[in-house]
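Accompanying notes for the structure given below.
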Amino acid sequence: NAIGEADFEGALELWKALSAWEKMHMSMEEGNDNCKGFFRVLDEKRNNIAATSNLLANHKKLESLENALEKALEEEDQEEISEVFEAFQKENEAHLTFEETIMMPEVMGLVNDGESLKKIMMEDVLPAVDDMEFFL
């Protein structure tokens, strides 16, 4: 569906919020200067599962689509926006499903191993959040 002129600004604002969430989501998993990130925790504690499952590679695919969408938005190319967003939406949904399929059994494994998920979140994941008010 083409975005009407009146809807363009609203769509742009929604994309900015979604994009910010996506970046935060990736940072929490990949880590940054403030923390390890959940992928590294899983690799350290659960037999390199993030690396062997190529979880990071999935982020690269999404980043490529996000960059293409940013470009289309800057150029206000409504046809390209619609095409790229549709591709992004499909890839993002598949990505989240894939991550959940890989990571949730490993989270349960951490619990069964006696790991403190609260400690992992506080030390290795949440420090990646640069805007806690937005996150919450």
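The values are calculated or read from the model by the stated rules, or taken from the named source; none is laboratory data. What you are looking at is a predicted structure, and each value in this text was computed from that prediction instead of being measured. Cβ coordinates were reconstructed from backbone atoms using ideal geometry, including for glycine residues, and neighbour counts include every protein chain displayed. Areas reflect the complete protein model, heavy atoms only, side chains present, ligands, DNA and RNA absent. Shrake-Rupley method; radii C 1.70, N 1.55, O 1.52, S 1.80 Å.
Do we find a residue being free of Cβ contacts under 8 Å to residues at least 24 places away in the same chain, polar (S, T, N, Q), farther than 18 Å from His25 by Cβ and in a loop (DSSP other than H, G, I, E, B) anywhere in segment 99-116? Scanning segment 99-116, I find at least one residue that is free of Cβ contacts under 8 Å to residues at least 24 places away in the same chain, polar (S, T, N, Q), farther than 18 Å from His25 by Cβ and in a loop (DSSP other than H, G, I, E, B), so the answer is yes.
Are any residues in segment 78-116 touching a helix residue (DSSP H, G or I) at 6+ places or on another chain (Cβ under 7 Å), open to solvent by less than 60 Å² (accessible area, probe 1.4 Å), more than 16 Å from Ala50 (Cα to Cα) and not aromatic (Phe, Trp, Tyr), and if so, which ones? Answer for segment 78-116, where residues must be touching a helix residue (DSSP H, G or I) at 6+ places or on another chain (Cβ under 7 Å), open to solvent by less than 60 Å² (accessible area, probe 1.4 Å), more than 16 Å from Ala50 (Cα to Cα) and not aromatic (Phe, Trp, Tyr): Ile81, Val84, Ala87, Glu91, Asn92. Answer yes if at least one residue in segment 57-74 is more than 26 Å from Glu13 (Cβ to Cβ), open to solvent by less than 80 Å² (accessible area, probe 1.4 Å) and under 17 Å from the mean Cα position of the chain (by Cα), and no otherwise. Yes, segment 57-74 contains a residue that is more than 26 Å from Glu13 (Cβ to Cβ), open to solvent by less than 80 Å² (accessible area, probe 1.4 Å) and under 17 Å from the mean Cα position of the chain (by Cα).
Residues are listed down the side, and each one gets a yes or a no for (1) hydrophobic (A, V, I, L, M, F, W, C); (2) modelled with pLDDT under 90:
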| site | (1), (2) |
| --- | --- |
| Phe38 | yes, no |
| Asp43 | no, no |
| Arg46 | no, no |
| Ala51 | yes, no |
| Leu56 | yes, yes |
| Glu66 | no, no |
| Val84 | yes, no |
| Lys90 | no, no |
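Every test in (1) within 17 Å of Ala51 (Cβ to Cβ); (2) touching a residue at least 24 places away in the same chain (Cβ under 8 Å) is passed by Asp130 save one, and that test is (1).
One residue is enough: does segment 99-114 have a residue meeting the conditions modelled with pLDDT under 95 and of a type in the set (Gly, Ala, Ser)? Scanning segment 99-114 turns up no residue that is modelled with pLDDT under 95 and of a type in the set (Gly, Ala, Ser).
Within the set Ile49, Ile81, Ile120, the sole residue that is under 25 Å from Phe8 (Cβ atoms), over 16 Å from the mean Cα position of the chain (by Cα) and in contact (Cβ under 8 Å) with a residue 40 or more places away in the chain turns out to be Ile81. In segment 1-22, the residues that are over 18 Å from Glu91 (Cβ atoms) form Cβ pairs under 7 Å with partners that are among the β-branched types (Val, Ile, Thr) and at pLDDT below 75, at six or more places apart or across chains, as follows: Ala11/Ile3. Looking only at segment 1-31, residues that are acidic (Asp, Glu) and either under 16 Å from the mean Cα position of the chain (by Cα) or modelled with pLDDT of 90 or more (or both) come to 3 in all.
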